[in-house]
Amino acid sequence: RWLAGAPRGPAAAGPTLAPAASAGATLALVPALRHPGRFRALALVYPFLDPEARFDSYRDAAETFDPAEAAWYWQQYAADPADLAHPDLAPLRSQRLATLPPTLVVSAEHDPLRDEAEHLARLLAELGVPVVATRYLGQAHGFWRHPGAFPAAEPLMAQVAGFLRLHA
């Protein structure tokens, strides 16, 4: 509600760029879908998009993130199982994907969310949304928050900052 009533334009208060990771990426994506034209760019790092866990990476890339844990997280969002089909919880089901601003989608090779992130990037490209997609090889879910443990975290931070700077 706040976003819908906030002023628009170059001097407007409020977010115009939205970088976020995992479940936070979904929380950034949904307002952009609800409010086309409000955001200048999104940077979605391993977004959490598919409550049904139907992509292969839930089976072949789940070394560091238990798919049962993912199911638990989805249950925390939904008041009842039917909610999991709503585009606000399952953004891949949205009919508004074509309205998104330029979007960076990042996936990690060893992440059960990898395939849904890359599926989103393909959908956006097919719909004509300016999209950049990067898969970080050898990386696991959560790597960008731990630059001391994962050397790829710093280059990802630079990529996100650079992408957002291009669209600021």
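The values are calculated or read from the model by the stated rules, or taken from the named source; none is laboratory data. What you are looking at is a predicted structure, and each value in this text was computed from that prediction instead of being measured. Positions of Cβ are generated from backbone atoms using ideal geometry, with glycine treated the same way; all protein chains shown enter the neighbour counts. Note: accessible area is taken over every heavy atom of the protein model, side chains too, but ligands, DNA and RNA are not part of it. Shrake-Rupley method; radii C 1.70, N 1.55, O 1.52, S 1.80 Å.
Couple of notes before you dig in:
- In the stretch 126-149, the residues that are free of Cβ contacts under 8 Å to residues at least 12 places away in the same chain reach residues that are outside any loop (DSSP other than H, G, I, E, B) with C-beta atoms within less than 8 angstrom, at least six apart or across chains, in these pairs: 146/153; 147/153; 147/154; 147/157; 149/143.
- Of the residues in the stretch 7-22, at least one is modelled with pLDDT of 85 or more, within 20 Å of residue 164 (Cβ to Cβ), among the hydroxyl-bearing types (Ser, Thr, Tyr) and surrounded by 19 or more Cβ atoms within 10 Å (Cβ to Cβ).
- Answer residue from the stretch 31-71, given it is assigned to a loop (DSSP other than H, G, I, E, B) and among the charged types (D, E, K, R) and is surrounded by the most Cβ atoms within 10 Å (Cβ to Cβ) among those: 50
- Residue 19 fulfils the conditions (1) touching a residue at least 40 places away in the same chain (Cβ under 8 Å); (2) part of a strand (DSSP E or B); (3) under 20 Å from residue 86 (Cβ atoms) except for a single criterion, (3).
- Residue among 94, 107 that is closer than 15 Å to residue 23 by Cα, polar (S, T, N, Q) and at pLDDT 95 or above: 107
- Filter result (in contact with an Asp or Glu (Cβ under 8 Å, 6 or more places away or on another chain) and either hydrophobic (A, V, I, L, M, F, W, C) or surrounded by fewer than 19 Cβ atoms within 10 Å (Cβ to Cβ) (or both)) within the stretch 72-112: 77, 84, 89, 90, 92, 105
- Selection of the stretch 118-160 for residues being of a type in the set (A, V, I, L, M, F, W, C), open to solvent by less than 60 Å² (accessible area, probe 1.4 Å) and farther than 26 Å from residue 56 by Cα yields only 160.
- Of the residues making up the stretch 89-103, those that are in contact with a strand residue (DSSP E or B) (Cβ under 8 Å, 6 or more places away or on another chain) and in a loop (DSSP other than H, G, I, E, B) number 3.
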